[in-house]
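Below: one structure, written as structure tokens.
The values are calculated or read from the model by the stated rules, or taken from the named source; none is laboratory data. Owing to the predicted nature of the structure, the values given are computational and were not obtained by experimental measurement. Glycine also receives a Cβ, built like all others from the backbone with ideal geometry; neighbour counts cover every protein chain displayed.
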Amino acid sequence: MKYTEILEVVRQYIEQFYDAKEDSTLTFHNFAHTHDVVTHATKMAKHYGLDERETFVVTTASWFHDTGYYTGEANGHEQRGAEMAGGFLKNLGVKEELIQEVQKCIMATVMPQKPENLLQQIMCDADLYHFGTEQFSERNMLMQEEVERKTGCKIDNNNWRKATICLLESHFFKTGYGRELLEYGKKKNLERLKRKETRGMMRKSHIPNSCLGE
């Protein structure tokens, strides 16, 4: 099987898919995010010396992992993305065993993430790679904007920050690569959020009770 040739077909298909399914409400889960995930997964595949078959699995899973956002609600998008990948790869003559590996990598990204092998661990860390980067604040704002657009409801910034703090505190990178490269950055992002939380609480504590309706 010529993995590189099939990967090129997959890449072209996903690019066309996102072009055709453009959705202005998806400010985070879009082609830019997918491309980032593919880039990070490919980088980790090289770091771990994966062979062509293994690299094909994680890269293909990365291309398809968020396509389900464009075919239904956020809930269950992983399953829909896995099904789309399965149908597409089957039409290309990819063996069922290999298709299932791709699908399991996609399904490993369901929160809370529970990867069962290195390939799934790589997929999980590639998906949440931004947790440990300087781009986290920007990506987090895009995620908040996406939820607001999808629900039609404005989210209080303090509530969103609290939820994000809980998310980062409960998360851990699954690969040694992720822990070594990204854990420190995630810790800094978490500390930054907590400082903002503390400042907000201090400001509120200086507001007269009459202003708070108490």
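The table below gives the values:
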{"quantity": "Exclusive hit being within 17 Å of the chain's Cα centre (by Cα), buried (at least 20 other Cβ atoms within 10 Å of the Cβ) and either among the hydrophobic types (A, V, I, L, M, F, W, C) or on the phi > 0 side of the Ramachandran plot (or both), set I106, I165", "calculated": "I106"}
{"quantity": "Of residues in the stretch 67-85 being among the charged types (D, E, K, R) and in a helix (DSSP H, G or I), the one farthest from L26 (Cα to Cα)", "calculated": "E83"}
{"quantity": "Filter result for E146 (at negative phi, in a helix (DSSP H, G or I) and not assigned by TED's automatic domain parsing to the domain that holds S62)", "calculated": "yes"}
{"quantity": "In the stretch 119-152, residue farthest from E169 (Cα to Cα) [restricted to those that are among the hydroxyl-bearing types (S, T, Y) and out of contact with any Asp or Glu (no Cβ under 9 Å at 6 or more places or on another chain)]", "calculated": "T151"}
{"quantity": "Residue identified as assigned to a loop (DSSP other than H, G, I, E, B), of a type in the set (F, W, Y) and either buried (at least 18 other Cβ atoms within 10 Å of the Cβ) or not assigned by TED's automatic domain parsing to the domain that holds L142 (or both) among F56, F88, F28", "calculated": "F28"}
